[in-house]
Structures are given as C-alpha cells and as structure tokens.
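Read-outs: derived from the displayed coordinates by stated rules, not from any lab. All of these numbers come straight from a predicted model, not from anything done at the bench. Using ideal geometry, Cβ is built from the backbone for each residue, glycine included, and neighbour counts are taken over all protein chains shown.
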Amino acid sequence: MKNESRKKSTALPILFSTARMLMRTPAFWLIIGLAVLFTALYSGSFLSSTNLENILKGFVVTSMLSVGPTFVVLMGSLDVSYIGIWMFGGALVWLLFPYLGMVSIFVYPIFGLAIGLVNGIVHVKTKIPSFILTIAITAVFAYLTTVIRNIYGVLTLAVPEYRFLAGSVIPYLPNTFLLALPVLALSIFFMNFTKLGTYLCAIGSNEEGAELAGINVKKYKVLGFSVSGFLTGLGSIALFSYLGARAPVTLDLNEMVRGLAAIVLGGTPLVGGVGGPHRTLFGALAYTLIFNGLFLTGIDPNQFKLYIGLTLWGAVLIASRRLKGVLIA
Amino acid sequence: MARARIRREWLQKNLTTITPITAAIVLMIALRALNPFFLATYESVVTLIYGMSWFLIAACGLTFVILMGSFDFSIPSVLKLSAMLCGVFYPQVGFAVIPLAIMVSLLFGFINGVLLAKFSIPSFMTTLATSFVAEGLAQIISGGYTRILSDPSFTAISITFIPAKFGLPSIFYWAIALWAVGIIVTLITPFGRAVYGIGGNLTGARLAGINITKVRILVFMLSAFFASIAGILYAAQIQGAHMQIGVLDTIPLFASVVVGGTALSGGTGGIHRTLLGVIIIRWLDSGMSMIGVDYNVRMIVFGAIAIIMTIATIDRRRIKIMK
Amino acid sequence: MFNSSILEVRNVSKTFNGVVKALDGVSMAVKENEIVSVVGENGAGKSTLMKILVGIYPPDAGELYHKGAKVPFPRNPMEALKRGISIVYQEKGIIPHLKVYQFLFLGLEEKFTRLGRLQLERILGIAKTVLDELGVKCDITSYMYELPLSMQKMVEIVRAILSIRLEHGGAESDGVNPIIILDEPTAPLSREERDELFSHLLEMKKTSSFIFVSHIIPEVMEFSERIYVLRDGKLVAHHDLSREKPTEEELFKEIVGRESHRYLWAKYIYGKPEELKGRPIILSVKNLSKKGYYQDVSFDLHKGECIGLFGPAGSGKSEIARTIYGILAPDSGMIITNGKKVGLKDEPHRRLKMGIGYFSGETGKELFLYWPIRKNISLVNMEKVVKKPIKIAAIINFKAERSLAEKVMKEMRIRAPSVETECYSLSGGNKQKISVGKWLERSPNILVLLDPTIGIDVGSREEIYEALLEMKKGGISMILVSDDPKEYAILCDRIILVKDGKLKKIYTNDEFRKVMQL
C-alpha cells in the first residue's frame, strides 16, 4: 500500500521497503533455496519448459485455494471451506448448465459468497470455532457432490462446453493462469486499498481494541468470511479450467492441506494480525516447488502424504517463531 | 411458580444428559421398527459390539483432548498406523509388535503435545500435520497393500468369546475396561481435575500451580495410546489391516463425543458421556446402512449432527472471543 | 468561573442495581486548553463518571452543558464525539500490528473512501500534518508495536483528537476544542516515558483540553491546572492549583478518607527490624532484573513477615511479584527460598512445590467460575484430599474434599448455599474469600498477594485482612502489592518503596503510617 502512495516522491524507498519485506519472508528464502537446489540437482528437467509450466499451474492451484482464506486467517480465525466450494460449486455448474448455458460458470462466485456468508454468520452468532464449522461444512458439501454423481450415475461432473477454458491462448501461459490473475488482483486490492484489510488485521491483532475503536467487529468478521468465500469461488473457475472443465468429485484431504500450508508458509500466522494475500503467494510458490522437486526425485507419489505432513510441521514451526509463551488452547 | 422455575432450571442443567438418552431410546425404537432382528438376536448384538468397541476406545481418547479444550485430528491415522504395524510386522516379531505399535503412537502423541504446549501451535494444525505423517508412514511400511493376519493367537485378543457359549467377544471387555479407566482418570484423580481445569480456565490452571505443559503433553499421549490400542484390537478383530481403516472416522468420532455432551469449548462433559454418544452414532450408522443409505449420505448426516451438537453444547457464557 | 468552561456536568448521579451508589451529585467543569485531573481510589466513581461522559452509561440524574448551553447526555461514543469528547483507555486500546497511519484512521475511513477504494495519499498526508502539528515525531509507516510505549500512547491520543476534528468538519485545529479523557494513561510507562508523554500533553494543550484520570499524586500535582477528588461516589474536594496548592499529604488524605482500620493495628504486632533479624530468612531475592520493568532488585523476607512493595502503578512492583511466582521470567538475578535456588524460568507449578503461593484479586483469572466452591478450594490442596490405594495412583476422596471445603467456608465466613454452589453466582467479596481460603488451607511458606482486595466491599475486605493476618501469625511470609496504602499499613511489617523499577527505601510499619499519616 505504501508503495503506491510513495510513487510520486521517490522510487528508492519502494525498492527498499519491498526488499525489506522480502528479506523478512521465510518463504522467499525457501523459494530461492529450492530453486537453486533443484536447478543444481536436475538442471535439465527442472528448467524445462514443460516443468516450468507445471510449476506455474501448480502455483495457480495452490494460490487459488489459499488467497481467499488468508483474509480469514488474518483475523485469527480459519476457513477451510474452499474444498467444499470448489467441489460442490462444480456440481452446481454441471447441474445448472442445461438451464443457464454458458452463464452457469458464474454460479461459482455466487455460491462461494453464499457459503462465506453462512460461515461468517453462523460463526459469529453461535461462537462455534471457525475451523470445526468450516471443516464440517466442507465435508458435507464434498459428500453431497459424490451423492449427486451417484444419483446421476456419472463418473465425473465434467462440462465439455467449457473445455476451451483449458489450453493456452498465449503460448507458454496456460489459460488457468490468466483466469487466476483477476482473483490475485482483487485480493491485493481488498487487502491494500480498502479499509477491509486494515480492519481484519486490527481484529486479528487485538479484537477488544478494534471494538473500542468503534469497529463493528461482528460485521467485519462476517465480511471477512464472505470475501474469503467469494475469492475462492472466483478462483475455482481457474481450478475448473485446470482440471479440464470439471471439479473433483471425491474429497481429497491433500488439497485441503495445500491451502493451509501455503498460508502458513507464506507467513500469515494462525493467530492473525499480520500478513496478507501477497505473502500467501510466496507460500503457494514455495509449496509448489517443494512438491515439484519431490516429483523430480521420482519418489512414489503414494508416499507424498508423509512429506505433506512433514512440510506442514515445518511450516507451523516456522510460523510459531513469535508465538513462544502465548497460551493457546 | 417456584416449582416450575426449579423444574426449568433442572431441565436446563441436565439437558445435555437427557437429550442423548432420549435420542438413544428413540433410535432404538426406530431401528427395531425398521428391522425386527435389531438387538433381538445374538448375532445382531455381536455385530453391533464389533462395530462399537474399537470405536468407543478411540472416542474416549478424543474426549480427553476435547475436555482439555484442544482437538486431535490424528486419531484415525494413528489408529491405522497401529493396525498396519501389526499387520506388517506381526509375522516377523510376533507379540513384540504390540509394544512397538504403542511406542510409535505415543511418539506421535508426544509430538502433538510438545508442538502445542511448547511452541504454541494450535492443536488442530499440529494434529492435522501429524495425521498426514502417520498416514504416510502407514503407506510406506505397507506399500499400500492389504495385510492379512490370520494367526489365531493374535486374533484371539479381540475375538475370544467370554463365556465361550453365547458370550461376548473379548474386544468388548477391552473397550469397557478402557472406558472405565478413562472415567476413573478423568473424574476421580488429580490428573483428571487438571484436565478439566485446563479446559475450563487455562490461565487459572497455570496460576493454581498445575503443570500445564506436562498435562497437555500427557493428554495427547493418552489420546494416541487409546487410538493405538483401538488400532491393534481392530486389526485382530478384522484379521488384517488395510489403508482404508479410519479414513471415514474423523467426523463420526467427533460427532459421537459432542453428541455425548462434551463441549468443544472444553471443561464440561466427560468420558462417561461418550459411551452414549458412541451408541447413538453407531446405531444411527447401522440403522442407515440397514435401509441402504450409502456412506456419502451418512457422512453428510454425521457432519450436520457434528455442527448442530457443537453449537448446542458450546458454553457461550464463558467464551468472550472465539476464533 | 464556570462560565468560561466548554463542558460542564452538574449533579450527576448513578446507581447500579438499585443499591450501589456509584456517583452521588457530582459536578465538574472543563475549560479550554487545560488539563483537569480526576483522582480517587479504585471504586471511587472515576471511571463511572468518564463512561457517562462518553455515552457508555446513561446517568440517573444530572445535567450536561456544552459551551454554556444545556445539552442531553450522549447516548453512545459517536454522540460523544459530536460533543467533542473522546476517551483513551488505560490499556487494550492499542492494536500492535497496524501501521501508525492505519491506526490513526481506524474506524474513520468513511471520509477517505472513493468507490470503495481508500484514498491513501490523503490519509498519509493528513496523518503527517496532524502528527507534525501536535509535535509527535514518529514514522507513520512503522508498526505500532515498533514504537516505544509512550509513543504508542501519544498516537492513541492523536487518534482521539483527530476523530473529534473529523467529526467537526476537517483535520485542522480551527474552531473545535477537543476534550480528551485519559484513563490512567501512565500506568504501563516508565518514568522517562511518562515525562515524555507529559511534555507532549503540555504541547497539545494549546488546542485541546484533557481530563486526566489517575491515582498517582505527584503526576497530578505537577501537570494539572485543577484537581477534582472523588471518594465513594462523592466529590470531596476541588483544588484550583493556580490559587492554592495542597501538599501531597493533604491530597492523599482527601483521597483515602479518614476512616481507618485502627483496631486491626492495635490487634496485631508488627515486626521491628531488630526482632525480624532474629527470624530465619525464608526468601531471598538477589539482583533480580528484567529489562524495561525492574532492575537490581534485592531483598530478604523473614519467616512470618509481610513485605509490601509500595509505589506508583507502573513502577515495576507488580512485575516483581509476578516474577516471584514464575508468571514472568526475569533476565538475570537469583531467587533463593529455604536455602534452595529457584530456577528463573520455572513455571508456577515448580514455585508452588517450593512453597510459594500466589493470589491476585482478578477473580476471573484466578477462580474457575463454573466450578463448585469445593473444586476451587481443593485444586491447590490436592494432597489433602487424595488417598493412595496403591503408591503411584492417587484418587480424590470426595468426602474429604467436601469437608475440607466446608471447613474453609466456615473459617472464611463465605456466604453460599453449599459447597456445590458454582462460583459465578457469588458476590465479589465471597469469590475473593474462596481464593484466600484455599491458600489459607494450603498454607505455603510464602504467599504473593497482588491487589488482594480489589473491587470488593469493606466488610469482606476486613474479613480477608483478618484471615491474612492470622496466616501471618501462623508463620506464613507474604509479599504484598496493592494500590491502597491502608492495605500496606494493615498487613505489612516492612514496606519497600519501589520507584522506576528500583527499590528505594525501606520503612517499618510505624514509619510508613507516620509518613502516610494513617
């Protein structure tokens, strides 16, 4: 935010502060380290254009699953409903396509927003821990997707008419990436150019203080969940194109951890207050690189769960640096 | 007037006890109506016991953690890892596999506890990571294949019938014994008091001279221990181990704890209540499968129950800020 | 003189729950460009008055005049802003992870948003000008937590002024004279930080007025033009320092009132230095330091002695007490109890094992409000209520637990239906008595007391004093930290003056009472 505002005065402080931000982001060093390591180990395959494209695609998937929820983590809560939005939203698109035609893809952001709103309202009204609430909602929607698949007796809920979304309009740049750009831009805008970002930070940093400053904390909590759901819904369009015009129909917990790990790796601590989507992008890239590298080593993908778990342990340990001594239930 | 008020207060206070009992009775009647053999024949009782015993043990472990105000996602994975360790290594090392499985599980519990108590990382996050590591290990040691364990001396630990004629399988006695141990530990020992204390008022527990670090680590180790025992007994019961064990159990386990009346906010409820929760959830499960409801729909039902019961049991008086 | 005042309240009264008279016909006025102090003990009605001024509580009776014209009392903080009144809270108001300009405009962004987009250039520009104008020098893009505490407080004050100005049109100073209520602003600050804060306040006084709520007498005397003294909800004195200057002792007497606990002093004998020397040393603190809180603290505590750490809020006294119980880890130093060294980073449970107990007046933190009295009492007395059927297994004996609780309830005269009554339903005094009672039963070698009678009625207070004095007679040593000098005079054998984190002077009980004129 300050970068924009200082544009007029001098360019030097911008560079300086951006550099300072990068230096303080562990994910940044992790990315550099991993890139150097894999280039040294597998120079041929790592830097090949197909692999770079794979990394880009993986980055898009991870970031689409994590930028939205970052807004919720920012205020110290947690939102893992992104898998539910991704899966059931896809089912809705498939169900509605015969009636709505090509417009039906816009069901995604609307559905995301609705889920976000429900999450926010239920969380604020009942004080149920957001993590439990959103994970249960995710499970409900994920299984609903499978139920729909079973009812209609189909294998996938693919909508072939949207196949054109996959592929590349611009060579070497998958459309998936292009579809993700507006989501990334929007998240940076919400965070840095509206008061929402500031308010969510304030709530995460000191909820009572935010209340004393005259902020309607409950309203902004609901808003935070809504933005999270909306961005995830919008991002799910990119994910929809990534899988070739369909969404997954069975619940895969690996995907859930992907989003969480990217947020934590990026440096938004789970207690909230600091960070933001721009940091999550670094986390998403780092996470993608780790698993891209693992692929290159030729490890049996069935064993990836172990590495996902280890990565998550590492990520939370990195993120806990400043938490020592805080009493957490 | 006064009488009505007293009655209302009593009702309010005991609502968390009355509701699950009523639900269990209603459920039993409904299942009986659906299937006249439900709980009517010896076979149906044994089937039900087999379905509930290992589940009860795992749920007791989870109850410990929830009573303390934390959460443990790693229970199904640790359970699976334990079962898998038995399946893979029993042929080589024999009964030494049991202490091995327990030790490995305790290690996971220890890590969960340390990450929470020493590094201040929220428990759902650490246990989620742990569940992946345990799952990954199970995958690696088994190569993803199903292992058969047909050695009668091993399976005997779960399926010996006591008494031999028209008796119940030994896994039932294990489960009841562990449940009873859980009740004793939580309700009448100083350690149990400390667990309730930490769940009720963390700062207060610290100021009252409770070693909160130790208790929290121990509780996570206890939870892993229960999961491990459940896994070993389950492996003996089904005479083998496979990668699908525990995959679908996180939500039903959690649901059975909150249905019993243990609040997610910590400090209220107890292991004695969990038995009712387990009965309700497992009966519901078998009832639904009896009328041919597929597991996806059952999961939706359990997810909804989990949300509703969490909201119903949470102690809103006490919570100022809930993340 | 009331004519030139911009804000005036007359005969404000407020009763809570129909019984507790928090305010009784209080009148006060604030003039342009001045600092007015409101002093009084805890519970004297200071904060109730302030909460009425900013619209959190409605008064039962009274009138409000703004620039000479009668206006209704504000009904919420926003209306108070319209009248030009804003408040800076004692703590909790600062949001550490926001940048300075974000914090300054928190909740005020409405006027700086176009089509949902914040006009950052304008915000940054105004933030800079306002801070410059008010003489607060800090980088507006640094985080709040990076600033020193006094600077954080300054930014909070600037935020209050800014919010009033924006409510009245613009960020410029013309026309409005904001009235800022400062609720114990210096409590967390060190001496140097305090001076800096005050030098800034004197600067800001050119365009604003301040109501300074405090109980720290020297500060009040030094920096305010007029002083209102509240006691038990009544205005007992009003000093215009430009005409007459009361001595600190006079002011002190007005604050605490005449009523004293002489009979308690007569009943107990306080240790004389030569007599104390004969007793064994039970706790010895050597060169204890924690950066930013206290330095080089050393003292010896004898058996059956009570030492009071006396000093202004923020002097480090409560941090020293918390360190002794292990809630706060010191940087360096040594704590020795009964000849054994205490690990500096040890948690409270280790301290309790070594015979140190801790009891604070914050019942919400200390007690388990949704537990019955029985469990609250037995929690620190587990050894007394367990039986061991086998060596390693300990089981709670519920009968013993109940009878223990009944005994404590009788001793402490706790008024509750039974030992099974949940604590939240009890009065503040009874809750406090449970806390004291459980320690009475435990009887550790040393008991650290932090504000043991805060916010409770006089009757329970005396009962607690008597219980504590009995414990002391029984050989338990104590360390007291409080805000109330009377409490020190009643409980302590020696009183150590703490200032700026250093131990300054040791008084005996007699000397202390003489100095304090109690």
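The chymotrypsin sites (Phe, Trp or Tyr not before Pro) of the range B:6-87 that meet both conditions, a loop assignment by DSSP and at most 15 other Cβ atoms within 10 Å of the site Cβ, are B:37. With unit charges on the beta carbon (Lys/Arg positive, Asp/Glu negative), name the residue among C:131, C:507, C:354 whose Cα is farthest towards the positive pole of the charge dipole of chain C. So the residue we want is C:354. From least to most packed, judged by other beta carbons within 10 angstrom and beginning with the fewest, A:264, C:213 follow the order C:213, A:264. By the rule of a C-alpha distance below 15 Å, with chain neighbours fewer than 8 residues away ignored, the aspartates and glutamates paired with residue C:387 are C:401. Based on the reciprocal of the average 1/r between different C-alpha atoms, the Kirkwood radius for the range B:275-315 equals 10.9 Å. For residue C:372, what is the net charge nearby, where nearby means another residue's Cβ is under 9 Å from its Cβ and Lys, Arg count +1, Asp, Glu -1? Net charge around residue C:372: 0. Computed over chain A with a Gaussian network model linking Cα atoms closer than 10 Å, the most mobile of A:164, A:282, A:71 is A:164.
Counting only Cβ charges, +1 for Lys and Arg and -1 for Asp and Glu, the dipole size of the range B:227-323 around its Cα centre is about 560 debye.
Considering only DSSP beta bridges whose two residues both sit in the protein assembly as shown, what percent are antiparallel, to the nearest 5? Just about 60 percent of them are antiparallel.
Which whole number in µm²/s is D for chain A by Stokes-Einstein, with the Kirkwood Rh taken over Cα pairs at 4 °C and 1.567 mPa s?
63 µm²/s
Ranked by the mean number of other Cβ atoms within 10 Å per residue, highest first, peptides A:147-155, A:196-204, C:495-503 order as A:196-204, C:495-503, A:147-155. Among C:332, C:284, A:104, C:214, the order by Cβ neighbours within 10 angstrom, fewest to most, reads C:332, C:284, A:104, C:214. Counting Cβ atoms of other protein chains within 10 Å of each Cβ in C:242-252 and taking the mean gives 0. Think of each Lys and Arg Cβ as +1 and each Asp and Glu Cβ as -1; about the Cα centre, that makes the dipole of the range C:2-256 roughly 900 debye.
Between B:53, C:169, C:269, the Cα set farthest toward the positive side of the dipole of the protein assembly as shown (charges on each charged residue's Cβ, about the Cα centre) is that of B:53.
When Rg is the radius of gyration of the Cα atoms in the range B:19-313 and Rh is its Kirkwood radius, what does Rg/Rh come to? Provide the component values of the computation, followed by the final result.
Details: Rg = 18.7 Å, Rh = 19.3 Å.
Taking Rh as the inverse mean 1/r over Cα pairs, Rg/Rh reads 0.97.
Other protein chain C-beta atoms within 10 Å of residue C-beta, averaged over A:212-220: 4.
Take the convex hull of the alpha carbons in the range C:2-256; its mean projected area over all directions comes to 14.0 nm². Applying 1/(1 + (r/R0)^6) with R0 = 25 Å to the Cβ-Cβ distance of residue A:300 and residue A:45 gives a FRET efficiency near 0.90. If only the Cβ of Lys and Arg carry +1 and only the Cβ of Asp and Glu carry -1, the dipole of the protein assembly as shown around its Cα centre is close to 1560 debye.
Roughly how many whole Å is it from the C-alpha centroid of the range A:211-279 to that of the range C:275-345? Cα centroid to Cα centroid, the span is 49 Å.
In chain B, a dipole from Cβ-located charges (positive for Lys and Arg, negative for Asp and Glu) runs towards its positive end, and of B:97, B:152, B:290 it is B:290 whose Cα lies farthest in that direction. For chain B, a Gaussian network of Cα nodes joined below 10 Å ranks B:223, B:286, B:131 by mean-square fluctuation, and the top entry is B:286. In the range B:70-150, the ratio of gyration radius to Kirkwood radius, Rg to Rh, stands at 1.03 when only Cα atoms are counted. Pairwise Cα distances in the range C:2-100 exceed 22 Å for 32 percent of all pairs. Counting only residues at least eight positions apart within a chain, or on another chain, the aspartates and glutamates with an alpha carbon under 15 Å from that of residue B:80 are B:72, B:135, B:249. Legend: mean number of C-beta atoms from other chains within 10 angstrom of residue C-beta atoms, peptide C:121-132, equals 1. Largest mean-square fluctuation among B:88, B:195, B:219, in a Gaussian network model of chain B whose springs join Cα atoms under 10 Å apart, belongs to B:88. Once you reduce the range B:238-252 and the range C:404-440 to the center of their Cα atoms, the two points are 50 Å from each other. For the protein assembly as shown, the Kirkwood estimate of the hydrodynamic radius, built from every pair of different alpha carbons, is 33.2 Å. Can you list the aspartates and glutamates whose alpha carbon sits under 18 Å from that of residue C:431, skipping same-chain ones fewer than 8 residues off? Leaving aside aspartates and glutamates fewer than 8 places away in the same chain, those within reach of residue C:431 are C:362, C:366, C:406, C:411, C:420, C:422, C:441, C:451, C:457, C:462, C:463, C:466. Exceedance of the 18 Å cut-off in Cα-Cα distance is limited, within the set C:99/C:206; C:286/C:341; B:118/B:214; C:365/C:399, to C:99/C:206; C:365/C:399. Here A:79, A:252 are placed in order of increasing Cβ neighbour count within 10 Å, fewest first, which gives A:252, A:79. Taken over chain C, the percentage of Cα pairs per 20 Å bin, counting from 0 up to the bin with the maximum distance, is 20, 49, 28, 3, 0. Packing-based ranking of A:185-194, B:12-21 yields A:185-194, B:12-21, ordered from highest to lowest mean Cβ neighbour count within 10 Å. Relative to a virtual label point 7 Å from the Cα of residue B:150 in the Cα→beta-carbon direction, which members of the range B:36-54 show backbone nitrogen distances below 16 Å? Output list for this probe position: empty.
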